[in-house]
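Reading through the structure tokens given below for one structure.
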Amino acid sequence: MAAKVHRAASAEPQPRSTVLVQRMSWRDGRTATDEDEVAAEEPLELRLNGRAISVTMRTPGDDEALALGFLWGEGIVLDQAEVIGTEQAAEHVVDVRVTAAVLERGGWQRNFYTASSCGVCGKASLSMIRAPGGSVTPSAPIDIGALPGLAERLGARQAIFARTGGVHAAAWIEPQALGVRDLAEDVGRHNAVDKIVGRAFSSGRVPLSGQLLAVSGRAGFELVQKAIAGGFAALAAVGAPSSLAIALAEERGLGLIGFLRERGFNIYARPERFFWQGRSK
């Protein structure tokens, strides 16, 4: 049965993050037709001074933050002063105006297409997979005594996931009390991270030295790469890490936690990034 899609009603003025679709359900041998709320997935074109350089599949909302986080993570902009302004040129188009220094530096000429499931799509060669950026800046170890239960606290703030079950989340966690400073949701886990970094960029807070990034899914290579580019001290994931993610985290000095659960977790890279009772700082 072909689904008839229409916009979900919303009191919010910003683009809707969900849509209502018709569905046919099967339960205990019986079928029924009703509506279901699903996560919105739509293209966003990113322009640099009017020139299209990227198309990503994302959940609408926070498009300008997503664009800024993407540009920072790719090393296209290196400082807040290089961004003159951003404009939502159309419903699915964001134009970022940058200084001449950015255009002269290059690196933005390559065209990207990023599916919601891919954070490294559009790279032309293996040498381009690793985004620019050095090692994580040394900082005070993060007290992980309150980490158990963090996944549940994140889940309680994932409004779109609660309604659809179809989005990822990324959160900026302040290490002092492991409180949630900011949280973003998107069909693309890398987009959720870009939105967090983009908001921090707009407020002059990048790099996010000494801070913790938490994600609702697995810790793949592209998320470790974005965490390093954002300047985070550590990444904690509800899911599993990959071998390449662990290797990159170890190489660049990023603390890496996987299988974050209510009662515990695993540390896969750079345990010196963390502090716990009974262990000296």
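Laboratory data are not the source of any read-out in this text; all were calculated from the coordinates shown. It should be emphasised that the depicted structure is a prediction, and the values quoted were computed from it without experimental measurement. Ideal geometry is used to build each Cβ from the backbone, glycine not excepted, and the neighbour counts take in all protein chains shown.
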> What does the charge dipole of the stretch 142-275 about its Cα centre add up to, to the nearest 20 debye, if the Cβ of each Lys and Arg holds +1 and the Cβ of each Asp and Glu holds -1?
Replying inline: 180 debye
> What order do you get for 213-224, 162-173 when each peptide is scored by the mean count of other beta carbon atoms within 10 Å, highest first?
Replying inline: 213-224, 162-173
> How much length is gained if the chain between Thr137 and Arg181 is pulled fully straight, taking 0.36 nm per residue apart and subtracting their Cα-Cα distance, in nm to one decimal?
Replying inline: 13.8 nm
> Under unit Cβ charges (Lys, Arg +1; Asp, Glu -1), what dipole magnitude, rounded to 20 debye, does the chain have relative to its Cα centre?
Replying inline: 640 debye
>> Under the √(5λ) rule applied to the eigenvalues of the Cα gyration tensor, what semi-axes describe the equivalent ellipsoid of the chain? Give them in Å, descending.
In response: 30, 27, 16
> When you count, for each residue, the other Cβ atoms within 10 Å and take the mean per peptide, how do 83-91, 59-67, 26-34 rank with the highest first?
Replying inline: 59-67, 83-91, 26-34
>> Give me the extension gain from His92 to Glu37: residue separation times 0.36 nm, minus the current Cα-Cα distance, reported in nm with one decimal.
In response: 17.7 nm
>> Of all beta bridges DSSP finds with both residues in the stretch 190-281, what is the antiparallel percent, to the nearest 5?
In response: 25 percent
> What span do the alpha-carbon atoms of the stretch 142-275 cover on each of the three principal axes, reported in whole Å from largest to smallest?
Replying inline: 37, 35, 29
> Using 1/(1 + (r/R0)^6) with R0 = 41 angstrom and r between the beta carbons of Glu152 and Asp79, what's the FRET efficiency to the nearest 0.05?
Replying inline: 0.65
